[in-house]
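Worksheet: one structure, shown below.
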Amino acid sequence: AKACGGVWRRAWQRGVGGPVSGARQAFASNARGGAGSAARCGLVPWVPVVGLEVHAQISSNSKLFSGSQVHFAAPPNSLVSFFDASLPGTLPVLNRRCVEAAVMTGLALNCRVNKKSLFDRKHYFYADLPAGYQITQQRVPIAVNGSLSYSVCVDNKMSQMVTKTVKIKQIQLEQDSGKSLHDDTRSQTLVDLNRAGVGLMEVVMEPDMCCGEEAAAAVRELQLILQTLGSSQAVMAEGQLRVDANVSVHYPGEPYGVRTEVKNINSLRFLAKAIDYEIQRQIKELENGGTILNETRTFDSKLGCTIPMRDKEGKQDYRFMPEPNLPPLILYDAKSLPANMNHQQVVNIDSIRERLPDLPSVKRAKLVEQYGILPEHSFTLLNEDGLTEFFENVVNQTQMKPKKVIGWILNDLLSYLKQHSLTVKESPVSSFLLADLLSLLEKNQISSTAAKKV
Amino acid sequence: QVSAALREGQITPTELCQRCLSLIKSTKFLNAYITVTEETALKQAEESEERFRRGQPLGVLDGIPVAVKDNFNTAGIETTCASNMLKGYISPYNATVVQKLLDQGAVLVGKTNLDEFAMGSGSTDGVFGPVRNPWSYSRQYKEKCAPKSHSEDKESKWVITGGSSGGSAAAVSSFTCFAAVGSDTGGSTRNPAAHCGVVGLKPTYGLISRHGLIPLVNSMDVPGILTRCVDDAAVVLGLLAGHDPKDSTTIQDKFKPFELPNLPDVSKLSIGIPKEYHAPGLASEILALWSKAADLFKKAGAKVIEVSLPHTRYSIVCYHVLCTAEVASNMARFDGLEYGHRSDTNQSTESMYAATRREGFNAVVRGRILSGNYFLLKQNYERYFVKAQQVRRLIAHDFSKVFGSGVDVLLTPTTLTDAAPYTEFIREDNRTRSAQDDILTQAANMAGLPAISVPAALSKRGLPVGLQFIGRSFQEKQLLTVAKWFEKQVEFPGIQLEEVKRHDHDVLQHQKSASFS
């Protein structure tokens, strides 16, 4: 898990010009927003409020409404069907796999899956939106009212983890847009439509979070869930997971302040940074007697700050309209499934629920129970791609007890890998070798210093 | 009949094709075709001939010349929608209905003219000019209208085809093809069918695939069928209907093509006469014709009763709100980036969009886009769009109530008058005309019901007048049976066109109304 947020907290104390009040003591709680959260984050008196809109690219062979393929980094405009290019007369056909991915995700996030959901058109003109509208689900999305539990550290100590919950407002299916590359030297824009029409799940998280650390932890947990389900590969670097943050601040007891939207965040680290910067900026602005504009800002990773985006002038009216070419999406469960219906033609929520794999939280609990390791160990295991498997392989092949093995894995192996920027897969020491080594250590045939050297 | 002639070898597909092509050339002044696909048509005819030689024709439609409205995609052939926006646009794929026709061996002779993007009721507002009603040049009209015909009079007196599928109607009416595909959103197939004296069928929404039909109003558009007789319409319907996975609004149920009885019997049926269709502006001779038709049914033993569709008078207004809203949305894709016209303006993307769309669209299209966007604005959405949809439901409910009470088919006029002279028609703008002319046809589109216009008689001026039958959802068989019975009763006269006579039409005009089945 991300390093705990002690560093960030101090930044929120009252700035120049006001008396500095002591930071309140942090205490473990399940509080959402409001004064409790403020206190936990050491904020006095401002209460930051953070909500997130996460776009996850659905992991599927073809796009949401057309048969063209989904691949990363293919030659420009090589994965574009007639429909994706909005050629006149083409019609959308819904991709079943995308629906299943959304249902899986909805169930994993404790949502109510709507048995009937609708598609809408959201209109705006932009070069990477060939049809002049995006097909999305504005009125009745596929899943609503869920929750996501995540953990954050207290006082930078992994041994004190606090469970927090953020409410999931909804999950909706929608199309991704193409990509525009601005070539300012030649005053032209190059458009690549490979991504146009790829299926997205937009996961809307309510403003229950209070700082960058919480947001990053929530997104990390969501990422793990999506990867476990296989509904999205959720790699931020490849654009498969994009996060926009909604940030505002207010005095306890007063209504929520004006919020800004922060975009262009490309990693979890930048997510936390961007949010914390924005909170600080808003506080400073308000304390100096200024006002916050309801605007969209972009995060500049080099400067570490947010800047207003120039091309969003005024509020856009998207002229939402029902998508007339797609009938309502009807999902079934075991009870409502008509007897004579072809099972290949329908999506059955219950059968998807039955096939759900163990979610990260369940996996962690199982690891703790099975191997007697500490909860925070299980977090680290799941957090590193492939580490859990490595650990279990070692345990299975060695005489050393799991409780001791974990120490070697987390302290020695992992820090070595981190130092050399290696992934678990790239580890020069295989699980077999490590198992052997640890067995020797157990049998006292070698010393622990020697083992460490290896 | 011509299909039988082909099979028996009385005429070959190539000869048939060539005759149609040369007739198209001699009737060029009708301006019914935007593109004549001479080369491909002859090639298709040759292939058909080969199949006949081997005794393996693909079906009834093998070797039969057909035409398709220019808002259907045809692979390798220009598809313009009669708009500057798509001038020169070569479709990369075939619309499903086109593919089905070609798969049956039909010979595509050309793409027919229309109002730009199917917006209009006269086929007068396309960039390739208006379509002339073949009946303008018929002996019947000339006799009634201008006893002394010197060319100036002839020019100014020609009448419109109605629209927006005017080109398709004119093509069928003038014998340049045996069947044509149009589209029907508010009456665009039935209206020109009535004015041109041909059969115009609007199938139930969801029965025929819209994949490849460049949309006007996605929730109301259907491909329409124009033929010279009801039996032919039934045949074409049988070949085009059915689920298409590429169109999610087509129904899943398997479609069973049907043949109409030779001697249809209407004595057990109940025919409804909706009183609201006695609309203001309805010509007295059409009213009389409507009554006469009702009497025909009564005499045959059918139960003929007056019914009420109380929300009829709201349908035009609702149609305009919903139509313009969908138009605004559907036209958003024409930005000059991926295909179609692109303006030379280089200053910015926005200015390119603006110039492209101003240059590419005519005033009618632009007007509807502006209105539609207005209705879709957040502050207007509830008051206009949602309200219109709610009233739409009421209109549909009117119909289902009447059909639920035992009425099988409704009988109404198709148009308020016979075809107007072009010079008169253009005195009012497109919007006004559409509002007037669609009034009897577009409620069927609102409710998604099947409807057919059958030529009934000639007007005082010697021009065709059609009557409309509206049926229950997916009950095309019953609807067409009633239509066929009616057709047999009225014995509508064939058009007497010099050009057609000149082209040696024993096959083309075997009987009063030549059919291919």
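Quick rundown of the values:
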item: Qualifying lysines (Cα of each under 16 Å from Cα of B:LYS387; at least 8 residues distant if same chain); result: B:LYS378
item: Total accessible surface hidden between B and A, rounded to 100 Å², 1.4 Å probe; result: 2700 Å²
item: Antiparallel %, DSSP beta bridges [both residues in chain B], to 5; result: 70 percent
item: For the stretch B:393-468, alpha-carbon Rg over 2.2 N^0.38 Å; result: 1.30
item: The stretch A:360-453, accessible area per residue, ligands and nucleic acids excluded (1.4 Å, Å²); result: 57 Å²
item: Reduction of at least 50 Å² in accessible surface, 1.4 Å probe, comparing all protein chains with the chain by itself, residues of the stretch B:233-278; result: B:SER248
item: Computed over the stretch A:360-453: relative contact order in percent, which uses C-alpha pairs under 8 Å that are six or more apart; result: 27 percent
item: Shielding by other protein chains, A:119-128, mean Cβ within 10 Å; result: 3
item: Within straight-line cross-link reach of A:LYS443, lysines at Cα separation under 20 Å, skipping those fewer than 8 residues along the same chain; result: A:LYS401, A:LYS403, A:LYS404, A:LYS452, A:LYS453
item: nm² value of the averaged projected area, convex hull over the Cα atoms of the stretch B:421-460; result: 4.1 nm²
item: Neighbouring partner chain Cβ atoms per residue of B:325-335, average, 10 Å criterion; result: 6
item: Threshold 10 Å² - residues in the stretch A:55-91 whose accessible area is reduced by that much or more when the chain is no longer isolated, probe 1.4 Å; result: A:PHE82, A:ALA85, A:SER86, A:LEU87, A:PRO88, A:GLY89, A:THR90, A:LEU91
item: The stretch A:44-322 - Debye-derived log10 I(q)/I(0), Cα point model, q = 0.13 Å⁻¹; result: -0.94
item: Residue mean of other protein chain beta carbons inside 10 Å, A:315-327; result: 6
item: Kirkwood hydrodynamic radius (C-alpha pairs) into Stokes-Einstein, the stretch B:19-141, 20 °C and 1.002 mPa s, D in µm²/s; result: 140 µm²/s
item: Carbon and sulfur %, accessible surface of the protein assembly as shown computed with the full protein complex present, 1.4 Å; result: 51 percent
item: Members of B:LYS87/B:LYS157; A:LYS179/A:LYS418; B:LYS202/B:LYS401; A:LYS179/A:LYS263; A:LYS164/A:LYS302 lying beyond 23 Å, as alpha-carbon distances in this model show; result: B:LYS87/B:LYS157; A:LYS179/A:LYS418; A:LYS164/A:LYS302
item: 12 Å Cα-Cα reach of B:LYS268 towards aspartates and glutamates, excluding residues that sit fewer than 8 places from it in its own chain; result: B:ASP408
item: Per residue accessible area in Å² of the stretch B:333-462, where ligands, DNA and RNA are left out and the probe is 1.4 Å; result: 44 Å²
item: For the protein assembly as shown, fraction of C-alpha pairs farther apart than 38 Å, in %; result: 55 percent
item: 5 Å-binned pair-distance histogram of the stretch B:322-386 (Cα, whole percent); result: 4, 19, 23, 21, 15, 11, 6, 1
item: Whole-number Å³ per residue for the convex hull built on Cα positions in the stretch A:360-453; result: 85 Å³
item: Geometric extent, Cα atoms of chain B - Rg, Dmax (angstrom); result: 21.7, 72
item: Residues B:GLU78 and B:SER291, FRET efficiency given R0 of 45 Å [Cβ-Cβ distance, rounded to 0.05]; result: 0.45
item: DSSP H segments from chain A that extend 20 Å or more along their own axis, Cα-based, with Kyte-Doolittle mean of -0.5 or above; result: A:212-229, A:268-287
item: Rounded to whole Hz, the Karplus (6.51, -1.76, 1.60) HN-Hα couplings of the stretch B:187-192, x for glycine and proline; result: x, 4, 9, 6, 4, x
item: Rounded accessible area of A:PHE72 (nearest 10 Å², 1.4 Å probe); result: 120 Å²
item: The stretch A:118-208: trypsin sites (Lys or Arg not before Pro) in DSSP coil with no more than 14 other Cβ atoms inside 10 Å; result: A:ARG139, A:ARG186
item: Gain in span if fully extended, A:ASP184 to A:GLU254, counting 0.36 nm per residue against the direct Cα distance; result: 20.7 nm
item: Contact order relative to length of chain B, as percent, for alpha carbon pairs under 8 angstrom and 6 or more apart; result: 19 percent
item: Per-residue [θ]222 nm for chain B (sum of -39500 (n - 2.57) over DSSP H runs n ≥ 4, rounded to 500); result: -12000 deg cm²/dmol
item: Euclidean distance of C-alpha centroids, the stretch B:1-55 and the stretch A:174-191, integer Å; result: 49 Å
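The values are calculated or read from the model by the stated rules, or taken from the named source; none is laboratory data. Note that the coordinates shown come from a computational prediction; the quantities given were computed from them, not determined experimentally. Counting neighbours? That spans all protein chains shown, and the Cβs are built from the backbone with ideal geometry, glycine included. Heavy atoms of the whole protein, side chains included, go into the accessibility calculation; ligands, DNA and RNA do not. Shrake-Rupley method; radii C 1.70, N 1.55, O 1.52, S 1.80 Å.
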